[in-house]
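The values are calculated or read from the model by the stated rules, or taken from the named source; none is laboratory data. Being a predicted model, the structure only gives us computed values, none of them experimental. Cβ atoms come from the backbone with ideal geometry, glycine included; neighbour counts cover every protein chain shown. Ligands, DNA and RNA are excluded from the accessible area calculation, which covers all protein heavy atoms including side chains. Shrake-Rupley method; radii C 1.70, N 1.55, O 1.52, S 1.80 Å.
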Amino acid sequence: MNNEKLSELRHSAAHLLAAAVLEIYPDTKNTIGPSTDEGFYYDFDFRTPISEIDFPQIEQKMREIVKKWNKFEKIDISKDEALKQFEQNEYKKELILEISGKDEKITLYKSGDFVDLCRGGHANNPREHLKHFKLLSIAGAYWRGSEKNKMLTRIYGTAFFTKKELDEFLLQKEEAKKRDHRKLGKELDLFFIDDIVGKGLIMWLPKGTILRDQIESLAREKELQYGYKRVITPHIAKEELFLRSGHLPYYRDSMFPAMKMDDGDYYLKAMNCPHHHTIFNHKSHTYKDLPVRFAEYGTCYRNELSGTLAGLLRVRGMAMNDAHIYLRKDQIKEEFKAVISLTQEYFEIFGLKKYWFRLSKWDPEHTEKYINEPENWQYTEEILRQVLTELKVDFLEAMDEAAFYGPKVDVQFKSAIGREETMSTIQLDFAARKRFNLRYVDADGTEKNDIFVIHRAPLSVHERFLAFLIEHYAGAFPFWLSPVQAVVIPIAERHNEYANKINSQLIKSGIRSEVDTRSESMQKKIKLAQNQKINYMIIIGDKEIETDNLSVRSRSGQINELNITEILHKFITSIEKREGSDPF
């Protein structure tokens, strides 16, 4: 079944949900209910609050109602008739006035006794086709998405043409719940968010900090190999810098308010690029210096609305795997290739395979949105297309999706829980040179300002990338990345001394190891270690002390007997190679 038909079915299910809610809760006001990629939702203004406990009753009412729905009947009426039809519903009246103001006719759709304001797109035979649906969750949502409006109740659901499709989807949703980075982040002691600190501001616990440090260490190592020079810039800057960069006034709403100081207004930075451009301008450069590559895990801040924040996926404070490359026009192709190659190296290390590229281009019909340099747009888009083609990667092209200052290449992923998202972005910029007067001295001694800038963040931001990795691995990280790689478990108290000796050897060799000397049974200690997804448990008992052969148990249950020298060799080799599979 094609996507259009499925979307129509789900939109029909949204109508059905509204009909059921209004029968059960007649004093409720229904607003809008579109289909989505995963199903549908409908926003309601309830007089009496409801919860997911009420879903079975609503679903049962939906099943009763749909038996009487043979079709969706289209009804065209005037604005005045529509306003009278919905005179008790201020939300519908607002929509009617908006539609009529555009000289559009008012259309309603009726099915059974339920009538709703709607443009159309429904299942042909709802009684036959609208059988396999499920209500999923409930959330708050501002009317029309504005925090200035009333908070409504949004009910999410899904619908499919067959029971098999619905069951498969619900199984995937259950798997997604198990892998949810917010759930695992709490269970594995990785991070938390506290209202006393602020929404969208992540508090990284020791284990989560290890994950961050390991990823940043990987980035430092790779960037050194690729010729980057690391810099560190302040978290704030004066208003003048952001006026020059264009963040003010065009990006003001996404930045935190100004801090009034005795020497002017200061802002928390939302991007690292203005600071990096300033570093580039700190000294003069010749054509021989280019390309210049500055890298920084720079912390940035975005003034996101509290209702849009979501765990690590959308935050107010973030550490970006950022870099800016300053280069000549003739260097774009090779440098862009190098950035994509580096990105692919990262993905190979993390075992990420299901991704594709999107070339985002300008639209010459909407020049008000973009820097008006048609020749540069044509040249750079063709260069990026050549790069993607020559690298033989899967890519698609998207019109009118570029940044205002140049084309970009996004890396798209399908996550382990089925969510499509942009992981990495590589942007080409030919506006910064004018705003910041970026220049270099050419071979003939003349000063030129035809500098292009590549903005790149192959590992996204720590927060977003770690959300992706937590869900990708379901919290069971590869050995090199794990916060705790091994735990030494003495069977009885008399084995503690030897267990501490083994643990010391592991730690001195760079292994992130702990020893569990609690007065619990060995079986309970093993179970606790498995719940924490620790890679290996080293069991110490009488036999191990006598023979120096240690019993090593993996989190999957596999058991090996090795001496400490063999164990260390396998552990250290696996870390050095950053292997995706466990050492043994």
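List of remarks:
- Accessible area per residue for the range 143-220 is 58 Å², calculated with a 1.4 Å probe on protein heavy atoms, without ligands, DNA or RNA.
- Extension gain for Ala258 to Lys508 (0.36 nm times residue separation, less C-alpha to C-alpha distance): 85.2 nm.
- Placing +1 on each Lys and Arg Cβ and -1 on each Asp and Glu Cβ, with no other charges, gives the chain a dipole about its Cα centre of roughly 660 debye.
- FRET efficiency estimate (nearest 0.05) - Cβ-Cβ, Gln344 to Gln88, R0 51 angstrom: 0.30
- Computed with a 1.4 Å probe over protein heavy atoms only, the accessible surface of the range 264-371 comes to 40 Å² per residue.
- The range 462-508 - Kirkwood radius from inverse mean 1/r over Cα pairs (Å): 12.9
- Hydrodynamic radius (Kirkwood) for the range 59-128, which is based on Cα pairs only, to one decimal in Å: 13.1
- Percentage relative contact order, the range 243-328, counting C-alpha pairs under 8 Å, at least six apart: 30
- Cα-projected label distance for His366 with Lys105, points at 7 Å along beta-carbon direction, nm: 3.0
- FRET efficiency estimate (nearest 0.05) - Cβ-Cβ, Glu421 to Asp195, R0 45 angstrom: 0.95
- Contour excess over end-to-end distance, with Cα ends at Asp265 and Ser217 and 0.36 nm allotted per residue: 13.8 nm
- Ratio Rg/Rh [Cα only; Rh per Kirkwood] for the chain: 1.03
- Equivalent ellipsoid, the range 124-171 (semi-axes from 5 times Cα gyration tensor eigenvalues, Å): 30, 14, 7
- Rh (Kirkwood; distinct C-alpha pairs) - the range 355-449, Å: 14.9
- Extension gain for the segment His282 to Glu390, taken as residue separation times 0.36 nm less the Cα-Cα distance, is 35.3 nm to one decimal.
- Cα-based equivalent ellipsoid of the range 428-483: semi-axis lengths in Å, sorted from largest, via gyration tensor: 43, 13, 7
- Positive-end residue of Asn281, Ala529, Ser574, charge dipole of the chain with Cβ unit charges: Ala529
- Karplus 3J(HN,Hα) series, Hz, for the range 489-499 with 6.51 cos²θ - 1.76 cosθ + 1.60 (x for Gly, Pro): 10, x, 6, 9, 4, 5, 9, 4, 4, 5, 4
- Neighbourhood charge, 15 Å Cβ-Cβ cut-off, centred on Phe256 and excluding it, Lys, Arg +1 and Asp, Glu -1: +3
- Separation in nanometres of the label points that stand 7 Å from Cα toward Cβ, at Ile232 and Glu397: 4.5
- Under the Debye formula (equal points on every Cα, no solvent term), log10 I(q)/I(0) of the range 171-278 at q = 0.23 Å⁻¹: -1.13
- Inter-label distance, nm, simple model (7 Å from Cα along the C-beta direction), Gln57/Glu493: 5.7
- Using the rule -39500 (n - 2.57) for each DSSP H run of four or more residues, divided by the residues of the chain, the 222 nm mean residue ellipticity is -11000 deg cm²/dmol.
- Think of the range 59-216 as having a plus end and a minus end, set by charges on the Cβ of Lys, Arg, Asp and Glu; of Leu166, Leu205, Leu108, Leu166 sits farthest toward the positive end of this dipole.
- Convex hull of Cα atoms in the range 272-340, direction-averaged projection (nm²): 6.1
- R0 of 45 Å, Cβ-Cβ distance Thr573-Lys329: FRET efficiency to nearest 0.05: 0.50
- Computed over the range 1-160, the alpha-carbon pair-distance distribution with 10 angstrom bins reads 11, 41, 38, 10, 0, each value a whole percent.
- In plain terms, if you count all Cα to Cα distances in the range 325-406 and split them into 5 Å steps from zero, the share in each step is 3, 13, 22, 22, 19, 13, 5, 2, 0 percent.
- Calculated log₁₀ intensity ratio I(q)/I(0) where the Debye formula runs over C-alpha points of the range 93-133, q = 0.29 Å⁻¹: -1.05
- Sulfur and carbon atoms: percent of accessible area, the range 440-584 [1.4 Å]: 46
- When only the Cβ of Lys, Arg, Asp and Glu is charged (+1, +1, -1, -1), the dipole of the range 470-584 relative to its Cα centre reaches about 300 debye.
- Structural descriptor for the chain: relative contact order 10 percent, calculated from alpha carbon pairs under 8 angstrom and at least 6 residues apart.
- Neighbourhood charge, 10 Å Cβ-Cβ cut-off, centred on Cys300 and excluding it, Lys, Arg +1 and Asp, Glu -1: +2
- The range 1-52: proportion of alpha-carbon pairs further apart than 17 angstrom, %: 37
- Summarised in one figure, the compactness ratio Rg/Rh of the range 458-542, Cα atoms and Kirkwood Rh, is 1.08.
- Relative contact order (percent, whole number), the range 286-410, Cα cutoff 8 Å, 6+ residue spacing: 26
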